[in-house]
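None of the figures in this text is laboratory data; all of them are computed from the coordinates on show. Keep in mind the model is a prediction, meaning the values are calculated, not measured. So basically every Cβ, Gly included, is an ideal-geometry build from the backbone, and we count neighbours across all protein chains shown.
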Amino acid sequence: MLKKFLNLYKRLIWSPEKLARQQGVKIGLKCDIHRVSFGSEPYLVTIGNHVQLTAGTKIFTHGAGWVLRESYPDLDFFGKVIIKDNVYIGNNCLIMPGVTIGSNVVIAAGSVVTKSVPDDVVVGGNPAKVIDSIYNFEKKMVGKNVRSKFMNPKEKREYLLSLPDESFIQK
């Protein structure tokens, strides 16, 4: 009972990054970790520097052994997950066992990453596929920079609502 209370306390009071580190996730510098599930073997996850993991993301280090356990009762297999430097992972992504995500990568929200991702790309979808280079992404997004990053919420709201439609991303 005390252990359950302590775990609840940690989940509610500790920052998601502190909780992840306590669970054994290796995390680099200047990261922004939101509410993420690191599965039952968080110590098999390594995160580089300047990585943002957004809410709802789930990282898996094992799975599917169940279907073979009738024939192999002691079967257990795992895959480490490595996320290199300067990576953004959008909300509700699933990262499968054994995946390495390269440096300078954007993973679109809701993506299911089933294979390793090379450096310098944008990936998205289910399963996630390369949809752009990070260089093309940079050119497009820098052109849409509205420079509101350091505004307070009220200033930001007023400013964004005053901009013409052409200032916003359009798909």
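For the range 1-90, chymotrypsin sites (Phe, Trp or Tyr not before Pro) are listed when DSSP marks them as loop and at most 14 other Cβ atoms sit within 10 Å of their Cβ; the list is TRP14, PHE77. Given in Å, the Rg to one decimal and the Dmax to the nearest whole number for the Cα atoms of the range 67-156 are 17.8, 63. Computed from Cα atoms, the angle from the helix 153-162 axis to the main principal axis of the chain rounds to 60 degrees.
Anyone know which of ASP32, ASP120, ASP76 comes out most mobile in the 10 Å Cα GNM of the chain? Between ASP32, ASP120, ASP76, it is ASP76 that shows the largest mean-square fluctuation. Calculation over all alpha carbon pairs of the range 2-133 in 10 angstrom steps from 0 returns a P(r) of 13, 42, 29, 14, 2 percent.
Within the range 37-107, the trypsin sites (Lys or Arg not before Pro) that combine a DSSP coil assignment with at most 13 other C-beta atoms in a 10 angstrom radius are ARG69.
Here LYS4 and SER40 are evaluated by their C-beta separation; at R0 = 22 Å the FRET efficiency comes out at 0.85.
Only helices enter this figure: runs of n ≥ 4 DSSP H residues, each worth -39500 (n - 2.57), summed and divided by the residues of the chain, yield -6500 deg cm²/dmol at 222 nm to the nearest 500.
Subtracting the Cα-Cα distance of LYS30 and ASN152 from 0.36 nm times their residue separation leaves 41.7 nm of extension gain.
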